[in-house]
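Undergrad: Following this message is one structure expressed as structure tokens.
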Amino acid sequence: MQVANLRHFVALHGYKITLICLLLMSSMAVRAQIGGKGNYNFFEFQQKPYYFGITLGINNSSFTPFRSEEFLYSDSIQAVQALRGPGFNLGIVTNLKIGDYFDFRFLPTLSFGERQLVYDQTRRGALPNQRRVESVFVEMPFHFRYKSAPYKDKRLFVLTGVKYSFDVASDSRARQAESLVKISPHDFALEYGAGVQFFFPYFIFSPEIKFSHGIGNTLIFNPSLEESTVLEKVLSRTFTLSFHFEG
């Protein structure tokens, strides 16, 4: 119930939280611009070979379903589509410098999310059959990050990497899931994104956008379930807006 309440809160207030964070980012950027013309704070952090921090974020995730040949012969399912759902992330940042412009980053994260598969029925007046998947992921992302030259205690960056996720709330093994489309608790994804670093006297603030594309089929095939046989594979997709606080 607590997880459901948290998801409901994010669904209602996610955009407000994002707006507040963006306003804070703008305010901090203006202060950094006024506070000095050089890279004074940057040089303090430049001496550290590694540092740690925390990351907070909101995400929007979905499935990408691919139809199988059996879909053409289905008499009851007219279409299969995916609906996005909101979520949020909380994690730890471990950053190791590789030279002046590259970093290797490990960000173990606890991620809450919600996704849906919707099956439109061919029968007139029949309501769509929805498969809601509520997940609590333990995520293990490994990223390489390239950073630009600093300018007035600010720095742009791009990143790429891979991520393994395990859904600790998966219902794929539950008995009541026998009549449902099963989704594997394991997932692998490629990730890429970009952001900006703001260097302050005691910490680095880094807003970041990131896209995650699943590369492993998460569908657990069930030959006795039509909602499963009409699909060839199901891939995951996630967009994340993160705020890193490092020092």
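The values are calculated or read from the model by the stated rules, or taken from the named source; none is laboratory data. This one's a predicted model, so the numbers in the text were calculated from it and none came from an experiment. Using ideal geometry, Cβ is built from the backbone for each residue, glycine included, and neighbour counts are taken over all protein chains shown. To get the accessible areas, we keep the full protein, side chains included, count just its heavy atoms, and leave off ligands, DNA and RNA. Shrake-Rupley method; radii C 1.70, N 1.55, O 1.52, S 1.80 Å.
Undergrad: Restricting the search to region 121-136, which residues are open to solvent by less than 70 Å² (accessible area, probe 1.4 Å), over 17 Å from THR64 (Cβ atoms) and in a strand (DSSP E or B)?
TA: Of the residues in region 121-136, the ones open to solvent by less than 70 Å² (accessible area, probe 1.4 Å) are 121-122, 126, 128-129, 131, 133, 135-136.
Add one more test, that the residue is over 17 Å from THR64 (Cβ atoms), and what stays is 121-122, 126, 128-129, 136.
If the condition is that a residue be open to solvent by less than 70 Å² (accessible area, probe 1.4 Å), over 17 Å from THR64 (Cβ atoms) and in a strand (DSSP E or B), then GLN121, ASN129, VAL136 are the ones that fit.
Undergrad: Just one of (1) in contact (Cβ under 8 Å) with a residue 40 or more places away in the chain; (2) more than 29 Å from LYS48 (Cα to Cα); (3) among the hydrophobic types (A, V, I, L, M, F, W, C) trips up PHE144, so point out which.
TA: Unmet for PHE144, out of (1) in contact (Cβ under 8 Å) with a residue 40 or more places away in the chain; (2) more than 29 Å from LYS48 (Cα to Cα); (3) among the hydrophobic types (A, V, I, L, M, F, W, C): (2).
Undergrad: Just a yes or no: is a residue in region 84-95 surrounded by fewer than 15 Cβ atoms within 10 Å (Cβ to Cβ), modelled with pLDDT under 95 and not hydroxyl-bearing (Ser, Thr, Tyr)?
TA: Scanning region 84-95, I find no residue that is surrounded by fewer than 15 Cβ atoms within 10 Å (Cβ to Cβ), modelled with pLDDT under 95 and not hydroxyl-bearing (Ser, Thr, Tyr), so the answer is no.
Undergrad: Still on this model: Would you mind telling me which numbered condition in (1) more than 30 Å from GLY99 (Cβ to Cβ); (2) open to solvent by less than 70 Å² (accessible area, probe 1.4 Å); (3) not polar (S, T, N, Q) GLU70 fails?
TA: So GLU70 meets the others, but not (2).
Undergrad: May I pose another question? For region 166-182, state whether one or more residues are over 18 Å from PRO108 (Cβ atoms) and within 16 Å of the chain's Cα centre (by Cα).
TA: Looking only at region 166-182, we keep the residues that are over 18 Å from PRO108 (Cβ atoms), and these are 170-182.
Now drop any that are not within 16 Å of the chain's Cα centre (by Cα), which leaves none.
Within region 166-182, none of the residues are over 18 Å from PRO108 (Cβ atoms) and within 16 Å of the chain's Cα centre (by Cα).
Undergrad: Among the listed residues SER111, SER74, which satisfies the condition of being modelled with pLDDT of 90 or more and closer than 28 Å to ASP171 by Cβ? Give the steps one after another, and end with the answer.
TA: On the way: SER74 fails: modelled with pLDDT of 90 or more.
So the residue among SER111, SER74 that is modelled with pLDDT of 90 or more and closer than 28 Å to ASP171 by Cβ is SER111.
Undergrad: Can you tell me which residue in region 43-67 is farthest from PRO223 (Cα to Cα), limited to those that are surrounded by fewer than 17 Cβ atoms within 10 Å (Cβ to Cβ) and in contact with a helix residue (DSSP H, G or I) (Cβ under 9 Å, 6 or more places away or on another chain)? Reasoning before the result, please.
TA: In the first step, residues of region 43-67 are kept if they are surrounded by fewer than 17 Cβ atoms within 10 Å (Cβ to Cβ); the result is 43-44, 46-52, 54, 56, 64, 66-67.
From what's left, in contact with a helix residue (DSSP H, G or I) (Cβ under 9 Å, 6 or more places away or on another chain): 51, 56.
Working: TYR51: 50, LEU56: 40 Å.
It comes out as TYR51.
Undergrad: If you go through region 187-194 one residue at a time, do you hit one that is of a type outside the set (Gly, Ala, Ser), touching a residue at least 40 places away in the same chain (Cβ under 8 Å) and farther than 30 Å from TYR151 by Cβ?
TA: Residues of region 187-194 of a type outside the set (Gly, Ala, Ser): 187-188, 190-192.
Now drop any that are not touching a residue at least 40 places away in the same chain (Cβ under 8 Å), which leaves 187, 191.
Those left that are additionally farther than 30 Å from TYR151 by Cβ: 187.
Among the residues of region 187-194, at least one is of a type outside the set (Gly, Ala, Ser), touching a residue at least 40 places away in the same chain (Cβ under 8 Å) and farther than 30 Å from TYR151 by Cβ, which makes the answer yes.
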